[in-house]
Amino acid sequence: MRRLTLIVAASIGMLLSIPAIGASPDVYNNLTPNNSIAIATRPDTAGFEIEAADDFFLGAQTNITGASFTGLIVPGSAGAPSVSQVVVEIYRVFPNDSNTVRTPNVPTRANSPSDVAFNSKDSGAVELTFSTSVLAATFTALNSVQPGGIHPLPGQTTLGNGPLTGQEVQINVSFASAFNLPADHYFFIPQVALTNGGQFYWLSASRPISGPGTTPFPPGVTDLQAWTRDAALDPDWLRVGTDIVGGATPPTFNAAFSLSGVAALPEPSTWLLLSLGLGGLGFVTRRRS
C-alpha cells in the first residue's frame, strides 16, 4: 500500500507541474532597439527576398502566440510608404533542415539558421494580423545592410552600407494559430513589405541582453548573433557583424524583438490517460486499505 501511495503522489506531482494556461507572458524579450545597425528584411513578394535572423531559446514545448519587433521604415521615391504585408519565419539552427554535403559560399555555417524554414506565417494568407506604432519620426542607425549589400565569399566583408535614417516603428503581430514549438534553439525572422517602394530595416538590440523585463539566455546556452541572406545567397547565411561589417575587431549584433506565448499543455488524450490512471490507483489503494 505504501508503494501505491507513493505512485499516486508522484502522478499528482506530475499533473501539478504542468503549467496552466493564463496570460501570454514574454517567452523571449530583447525589445531594446539601439542605433548600432539596421538590417534589410522583406518577403519575396517585394521582387527580391531578403531575410534577417536572430535567435531565441525554448526550454520546454511552447505555443508562440504573438511577437513584436522594431525597425526603420525608409521611404522610396514614390511617396510615403505603409506596411502591406508581414511574414514571420521560424528556423532551427544548422545543420537541422539543411544540406550538409554541399560546399557553402560563406566563411562558416556554424550556428547559422538552417537552409529552410521550420515554420512560417503570412499576413497575406490571414495567418497573422499586425499593427504598427511610430516610436520616433526620425531615427538614424550608424550602419546598415541594405539591398544589394550581401555578397558571397570572398567578397562578403563590405564594412556595411553606412548610416541610414528613417521612421522608427514597432510592429506587433498576433498569430491566428500559435507556433507550437518543441524545446530547441531557434531563429526568428520577420519580413516586412512596404508600399510605394519603401524598405523596412530591422534594428539592432542590446548585446549582452540587459534591461528591465528582458530575458537573457539561460546558463549554458549561447546567445548567437544576427545573420542575414538574400535570394542570391540562399541557402547560405552571413553573420551581420563578423562577416559583413568585419574589421580588426568585428562587432556582433542582436536584433530587437520579443515573443509571447504559453507552455504547451498535453493533448486531451494524455489528460484522459492520466485521469484514468490516477482513478485506478486510488481505487486499488482503497481496496487494499
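Listed values, structure above:
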item: Overall form of region 86-239 per C-alpha gyration tensor (a/c, 1.5; a/b vs b/c); result: rounded
item: Whole-Hz ³J(HN,Hα) from phi, Karplus 6.51 cos²θ - 1.76 cosθ + 1.60, for region 96-108, glycine and proline x; result: 4, 6, 9, 8, 8, 9, 6, 8, x, 9, 9, x, 7
item: Around V74: net Lys/Arg minus Asp/Glu count, Cβ-Cβ under 13 Å; result: 0
item: Portion, in percent, of the accessible area of region 33-84 that falls on carbon or sulfur, probe 1.4 Å; result: 48
item: Local net charge near D230, Cβ-Cβ under 12 Å (Lys/Arg +1, Asp/Glu -1); result: -3
item: Distance in nm between pseudo-label sites at A231 and L135 (7 Å out along the Cβ direction from Cα); result: 3.0
item: Only Lys, Arg (+1) and Asp, Glu (-1) charged, at Cβ; region 75-127 dipole about Cα centre in debye; result: 200
item: Whole-Hz ³J(HN,Hα) from phi, Karplus 6.51 cos²θ - 1.76 cosθ + 1.60, for region 64-69, glycine and proline x; result: 8, 9, x, 8, 9, 8
item: Order by protection proxy (mean Cβ within 10 Å, highest first), peptides 219-225, 255-261, 229-235; result: 255-261, 229-235, 219-225
item: Rounded if a/c under 1.5, otherwise prolate or oblate - region 16-134, Cα gyration tensor axes; result: oblate
item: Amide H contacts under 5 Å for L135, placed H, 5+ residues apart; result: E168, V169, Q170
item: Centre separation in Å (Cα based) which lies between region 78-144 and region 24-46; result: 9
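The values are calculated or read from the model by the stated rules, or taken from the named source; none is laboratory data. Everything quoted here is computed from the prediction, not taken from an experiment. Note: ideal-geometry Cβ built from the backbone for every residue, glycine included; neighbour counts use all protein chains shown. Side chains included, ligands, DNA and RNA excluded: accessible areas come from the protein's heavy atoms. Shrake-Rupley method; radii C 1.70, N 1.55, O 1.52, S 1.80 Å.
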